[in-house]
Amino acid sequence: MPGNTPAIVRRQSAKVELELGRLSSPSDDTLQGEWIPAEGDWPVGPQEDVEVDKSCIWIDGCFDFSHHGHAGAMLQARQLGTKLLVGVHSDEAILENKGPTVMRLDERVMAVEACRWATRAIPQAPYVTSLPWITHYGCWYVVHGDDITSDSNGQDCYRYVKAAGRFRVVKRTPGISTTDLVGRMLLCTKTHFIHSLEKMLSGEEGPGGEVERKETGEAMLQRIKDYATDSTGLSPGCDVWYWHASRPAKLRRTTTTQSSVGDRRPSVHDRRESSGHNHSHNHHAVKEEKGKFHKLVDGKGVRPGQVVAYVDGGWDLFSSGHIEFLRIVTQTEEDAAKQRGWYTEEAKKERIEKTGEDYSPVFLVAGIHDDEVINHWKGINFPIMNIFERGLCVLQCKYINAVVFGSPFSLSKAFLLTLPYGTPSAVYHGTTSFMPLTYDPYAPAKSLDIYREVANHNWQDVNAGEIVNRIMKGRAAYEERQRLKGEKGVSEEAEKRRQELQREQSWKEVEGQFGL
């Protein structure tokens, strides 16, 4: 349908298509399960219809938690076109059709917009994907994973776009889901931990026999390469490294000697605060190590004029708190670059002439701590996501240019001075810490005069601990959600089988017509 067709005409056209048998179900007057906004009432602009472009792809969902399964779906969808619009369902629609969300709509939209493959987010998108909605925003094809998603009535949420021939299927990311993450929180499991990511990638560690471990490792490394692509999802983007060092160097405070004048005995208050996690032995510093950086994936690298900045953390349950921190870091460096004349037309022209494209003034490197490092300091069954999962979440974020797996909890001068890009111009961290420490993990960065502090922001407290607290407070509701989801799974399987039988019947009819 033409992009400038009025909404009322589109509705009438849809009804005609239904009468002709082109749509599958006359379940309601709108034919799409939810309302079609009038001009001026669309959740985000443009308010007038956009001309439909077959290279503009639509994908929608709840996107509750920014796990790498969501990012994987967006990556595959982006690879099918030149633009990707991401519909995000409202809290109310999800509650009605699936159960309560953990993250609010604004938090979920924020996570989607931070994904490097998403062109833009469309909030309040219908739970049952609507042809008038995707047409209004100029999209032709709708993409979803190869699993069935049903509404509260057990019907396929994509029945209308499938009937219209505007549906494309991508592979569902295995081994991760919101349901799985909620289960880890409620059951406090640790079976998802990875002892050594690099050994797992090489097939030396992991479940199964030698052949299975090797196949698993190769698949994991390929996924890292996929998530390290640029905004097109097709070309190299992020650099990926692994830092080799001893366990003590990754866990504890390091110093150039075995002891330091700056060390002090923990106070009674310190011992009381840390006794629950048995951290008292970690007040002793260990000798710092340069370690060794091993490159896993070649990206674009640092380009002329870019400033290298470093951030680190666990990045567990990658959420709006992490995203806002990274946005502020990026904005801070961009503001500084503006003062240097980075954004003048002359400077932009020079960059394009030298490299063939324009680019950001900041090259942001993210260090990611090992599972055992996080668990050592935070206890219980943290991290909820293992290092592989957390790494993919960080890689998909549009603010990141490089990742260092296995980074140290406490920075050392040796680590900072031997980073692959040289000593960073700045090391950023927030103003608060998740636990009391008797030493400053960022003292070496401060001594090098490269430490920068990010002030508290509106999403400061949205982290893994906060998300787990939300789950625990609503445990009964989430367990009911899982029970209902299990029951609904039966109807989803039935719907999947129905579609398979329908395809088989259609093929039999073709065979009969052509005498095959």
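The values are calculated or read from the model by the stated rules, or taken from the named source; none is laboratory data. Please read all numbers here as calculations on a predicted model, not as lab measurements. Neighbour counts run over all protein chains shown; Cβ positions are idealised from the backbone, glycine included. Ligands, DNA and RNA are stripped out before the accessible areas are found, and what is left, the full protein with its side chains, is counted by its heavy atoms. Shrake-Rupley method; radii C 1.70, N 1.55, O 1.52, S 1.80 Å.
At a glance:
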| read-out | value |
| --- | --- |
| Extension reserve of the residue 47-residue 199 stretch, reckoned as 0.36 nm per residue once the Cα distance is removed | 49.5 nm |
| Relative packing of 141-152, 173-184, which averages over residues the other C-beta atoms within 10 Å, highest first | 141-152, 173-184 |
| Phi-based couplings in Hz for the range 180-193 (Karplus 6.51, -1.76, 1.60; Gly and Pro marked x) | 5, 5, 4, x, 4, 5, 5, 9, 6, 7, 10, 5, 7, 4 |
| Label zone at residue 294 (point 7 Å along Cα-to-Cβ), backbone N below 15 Å, the range 389-427 | 404-407 |
| Of all accessible heavy-atom area on the range 53-173, the percent that carbon and sulfur account for (1.4 Å) | 49 percent |
| Long-range amide H partners of residue 57 with built H, under 5 Å | 82, 83, 84, 85 |
| Cross-link reach list, lysines versus residue 171, counting only Cα pairs under 20 Å and skipping chain neighbours closer than eight places | 83, 162, 225, 496 |
| For the range 319-367 and the range 68-146, distance of Cα centres in Å | 27 Å |
| Solvent-accessible area per residue for the range 53-173 (1.4 angstrom probe, square angstrom) | 30 Å² |
| Spatially proximal lysines relative to residue 287 (Cα-Cα < 17 Å; intrachain offsets below 8 disregarded) | 250, 413 |
| Full-stretch length increase - residue 456, residue 475 - with 0.36 nm per residue and alpha-carbon distance subtracted | 3.9 nm |
| Extension gain (nm, one decimal) between residue 284 and residue 244, 0.36 nm per residue minus Cα-Cα | 12.3 nm |
| Burial order of peptide ranges 50-58, 451-459, 212-220, 364-372 (average beta-carbon count within 10 Å, highest first) | 364-372, 50-58, 212-220, 451-459 |
